[in-house]
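Encoded as structure tokens, the structure appears first; notes follow it.
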Amino acid sequence: MLCILPAVARPVSAAIVLGHHDVADVDAARIIHADREPGNWLSHGRTYSEQHFSPLKQINDQNAGRLGLAWYTDMPTTNGLEVIPLVVDGVMYTTGNWNVIHALDAATGRELWRYDPHTRRDWIRYSCCGPVNRGLAVWKGKLYEGILDGRLIAVDAATGKLDWEVRTTPKDEPYSITGAPRVVDGKVIIGNGGAELGVRGYVTAYDAETGKQIWRFYTVPGNPADGFESRAMAMAAKTWHGKWWKYGGGGTPWDSFAYDPELNLLYIGTGNGGPWPRAIRSPGGGDNLFLSSIVAVNADTGKYVWHYQTTPGDRWDYTATQPMILADLRIHGKLRKVIMQAPKNGFFYVLDRKTGKLISAKNFVPVNWATGIDMKTGRPRENPARQYGVKAKLVSPGPNGGHDWQAMSYSPDTGLAYLPTNNMPWAYSRDPHFRFQPMGWNIGTNPAAAPPPGADKAPLGGSLLAWDPVHQKKVWQVDLGHPWNGGTLATAGNLVVEGAADGRFAIYRADTGKLLWQQDIHTGALAGPVTYTVNGEQYIAVAAGWGGSVVLMGDHFLPVHRATSRVLAFKLGGHASLPAPPPAAPVPQPPPFTASNKTAERGGKLYGAYCSNCHGFNAVSGGTIPDLRHMTPAIHERFRDIVLGGVLSSYGMDSFADVLDKSDAEAIHAWLIRRANQDYGKTAGR
């Protein structure tokens, strides 16, 4: 079942022309030399190196305690925000749900213009994590955004008017786009998602001025009978078995890129296999290149240069799409040009960014799927005791990883990397009844699998970790109580800034981890903060909104937030204040359960296949999507019209009549009524 999304509708305001021809006139020279204008935030990670570090230090470890809210701008949703805003010459460019672009006065938060690309509401069915996206790219007066439904658009930065639009994914295949594009020497780089739905990943470069395709690099091979697009794909195909192309293969590059202008190398982080169990997609084994890899390609042509695979033959959804950072590190007395990544699999990697050769690797969270990394081969020493089949095995990390997409930062001042970590083990079990469903979810595991008896159930949690990448060791760590905390920002003011799952926005000393300041912002912040200046005054800003995959799964362990999602900016002496979040709605008493248990059990299986991805496992909502145990009498009355008739399609709850019939909808409804009666009085407020 698709998500019944809370939404607030309001008209799109008319564009306000900013009044000069050189608005957002950003080119390669400005991004490469971004430190010459530290008051701007010109690219996703501020620079091509993706360090999420700012040289600004007006706000520093001596005065951070005087920080206060300067302004906030509400987004018309209570759903998740994952965007890292751009700030160019006093204007902030950010995005909300459904890919709506907002241009804001960076000093006041006043909206200058807004552009709505009219994202297909029904396409959220093919997105894992809600109607979210991670932001924009800017180049020579245009803003670029990948749209959830597979388009790439260019918008005039001065007026908010559409300049061009291309379809970058096949219209009839379940691809999605949530990642932020990058612009490299006049080429807009964009990837895609959808590995679990049966697609084949690729990255495409488009001409920034016209939208014309320049090159495309596939991340996994297709059907050999159709021929291979490149030597890289012919090489990769030797590591696959069976008829993998019928399942799509996956490897979708749904988030991270980095670029070295000196080497002219674009670094691509690739995703997991589809389905998850290798025994299904590639019977006979194999490394399944280029799943869960860092791949370096020539930025002009898209031709393969080198790769490093973090998780050969990935079976755990251990993507390598997590942030990649370029830096120069002195290792054993020699200055090395490196690329660093802390992907889902729990190991922190340092590679030579020219050759891809492994320099070092060490686990930064508890790991039991492997005992370490073999430095001679660069391969993990996998633990055979955690190779799951139909019988469940409790594995650490789980599919949300020791670190997921949330921004990691690196400070050249301290020499430390700062990242949010998760401790979320998972019981993996291959589904013996798996059948591939075109346009459907094809994970291939049993999401209801229970850990084996006697399994070590470590408590869930998360932390802010300061990691020394040269010596591969923890320097300090702050326990944040919950997993799924926000991305980080490091500054020359000896600061690390991060939002937490429990609604705190906080600043720590970068060298010691000492808490310097915090404020309750009433909602979880997942996105990475940015910092900038306007008229010589420094601001720290974040797009805050609780959501993402972990929240949609639903869990009593996670906090629940009801506050409006918003962009917030702080400065020294700021004195604005936030409104109180709305109180929890009363939980209505459910109707009596009158169906048979057999019908309800069938409904529970259908719910797991079609509904749980948005409304939570076992019908426990994470709070951003309506909890279906708490339906009102009016929703109960119209349940079939919602599920089959699509009467709430404008909110993203599309009709499922193509995969469910009347009896299926009634069975799901019966199971939900049974669940509501089981939990009534126990979960008020969830």
Self-check item: Within the range 180-214: backbone nitrogen closer than 20 Å to the K140 label point (7 Å, Cα to C-beta)
Solution: 181-190, 204-214
Quiz prompt | Contour excess over end-to-end distance, with Cα ends at D661 and A234 and 0.36 nm allotted per residue | solution = 149.4 nm
Quiz prompt | Shape of the range 597-679, Cα gyration tensor, a/c cut at 1.5 | solution = rounded
Exercise. Show me 249-261, 583-595, 24-36 ranked by packing, highest mean number of other Cβ atoms within 10 Å first.
Key: 249-261, 24-36, 583-595
Exercise. Work out how much length E111 to H332 would gain on full extension: take 0.36 nm times their residue separation and subtract the Cα-Cα distance, in nm to one decimal.
Key: 74.5 nm
Quiz prompt | Spacing of the two label points (7 Å from each Cα toward its C-beta) at E537 and T355, in nm | solution = 5.2
Quiz prompt | Largest to smallest principal axis extent of the C-alpha atoms in the range 190-258, angstrom | solution = 42, 25, 21
Practice problem: Can you tell me the FRET efficiency between E601 and D122 if r is taken as the Cβ-Cβ distance and R0 is 30 Å, rounded to the nearest 0.05? | Solution: 0.55
Self-check item: Loop-resident sites, the range 243-316, for trypsin sites (Lys or Arg not before Pro), counting at most 13 other Cβ within 10 Å (DSSP)
Solution: K243, K303
Exercise. Among the trypsin sites (Lys or Arg not before Pro) in the range 171-204, which ones are in a DSSP loop with at most 14 other Cβ atoms within 10 Å of the Cβ? Mind listing them?
Key: K171
Quiz item: Three principal axis extents, largest first, for the C-alpha atoms of the range 53-170, in Å?
Solution: 53, 31, 25
Quiz item: So how much slack lies between T210 and M439, counting 0.36 nm per residue of separation and subtracting their Cα-Cα distance, in nm?
Solution: 79.3 nm
Exercise. Quick one: divide the alpha-carbon radius of gyration of the range 601-643 by 2.2 N^0.38 Å and tell me what you get.
Key: 1.13
Quiz prompt | Helix-only [θ]222 nm of the chain, DSSP H runs n ≥ 4, -39500 (n - 2.57) each, per residue, nearest 500 | solution = -2500 deg cm²/dmol
Quiz item: How are the Cα pair distances of the range 557-648 distributed, in percent, across 5 Å bins from 0?
Solution: 2, 9, 14, 20, 19, 11, 7, 6, 5, 3, 2, 1, 0
Quiz prompt | Spatial extent of the chain: Rg and Dmax, with the Cα atoms as the point set, Å | solution = 23.7, 74
Quiz item: For labels at L162 and T371 in the simple 7 Å Cα→Cβ model, what's the distance in nm?
Solution: 5.8
Self-check item: In nm, spacing of pseudo-spin labels at N223 and D27 (7 Å Cα→C-beta vector)
Solution: 4.6
Exercise. Counting other Cβ atoms within 10 Å, keep those with at most 11, restrict to DSSP loop, and tell me which trypsin sites (Lys or Arg not before Pro) in the range 399-500 are left.
Key: R435, K457
Self-check item: Over 31 Å between alpha carbons, listed pairs K161/K187; K142/K243; K238/K344; K362/K391
Solution: K142/K243
Quiz item: Hey, with R₀ at 25 Å, roughly what FRET efficiency would S650 and K171 work out to, going by the Cβ-Cβ distance, to 0.05?
Solution: 0.75
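Read-outs throughout are calculated quantities, based only on the coordinates presented, and are distinct from any laboratory measurement. Predicted, not measured: the structure shown is a model, and the values here were computed from it. Cβ sites come from the backbone with ideal geometry, for glycine too, and all protein chains shown count toward neighbours.
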